[in-house]
Amino acid sequence: MKGIILPLVVLVLVFSAAGQQPVTAEDYFKRANTSLDKGDYDAAIADCTQAIRLRPIAWGAFNDRGKAYQKRGNLNAAIAELYYLRGIVYRDQKKPFQAAADMRQALKVDPSYEDAKNELARLSKPVRKGR
């Protein structure tokens with residue numbers, strides 16, 4: 001009887017894990033990659049967006065979301081994504097003027113891009129010195 005219990009427990013764990021919903025940014029990113037490979041671009045975009053919400057520095061998710069937009073034919077959103085991503089890199093390099101310029105370019109291409117709007121607002125806040 002003991003020889004049967006362990007294999008049954010393993011099977012239950014395997015099947016329950018297979019049906020789980022993504023929890024982490026990495027889980028969503030992996031599922032997005034699978035969706036991209038299958039040509040399910042809407043699902044890839046949704047999962048990349050969720051990965052970004054959970055981990056805002058999930059650069060691969062930004063990149064893959066741009067690819068999915070491009071494959072879906074939404075070229076403006078793909079271009080806006082790339083400007084946004086480059087702007088984030090400039091921000092991280094402590095180059096706020098270049099970062100803001102890229103955020104403005106992203107918004108010029110896709111005026112509805114909320115992440116670019118929010119980042120531009122953050123970049124536009126005056127920096128306080130002292131205190």
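The values are calculated or read from the model by the stated rules, or taken from the named source; none is laboratory data. These figures come from a predicted structure and were not determined experimentally. Quick reminder, even Gly has a Cβ in these numbers, built from the backbone with ideal geometry, and neighbours come from all protein chains shown.
Starting from residues that are of a type in the set (Gly, Ala, Ser) and assigned to a helix (DSSP H, G or I), keep the ones in the range 106-131 and report whichever is surrounded by the most Cβ atoms within 10 Å (Cβ to Cβ). Looking at the filtered set, the residue picked out is ALA106. Please verify whether the range 85-105 includes one or more residues that are of a type in the set (Asp, Glu), surrounded by fewer than 18 Cβ atoms within 10 Å (Cβ to Cβ), modelled with pLDDT under 95 and under 30 Å from PRO126 (Cα atoms). Looking through the range 85-105, at least one residue is of a type in the set (Asp, Glu), surrounded by fewer than 18 Cβ atoms within 10 Å (Cβ to Cβ), modelled with pLDDT under 95 and under 30 Å from PRO126 (Cα atoms). If you go through the range 50-64, how many residues are in contact with a Cys (Cβ under 7 Å, 6 or more places away or on another chain) and aliphatic (A, V, I, L, M)? Residues meeting the conditions: 1.
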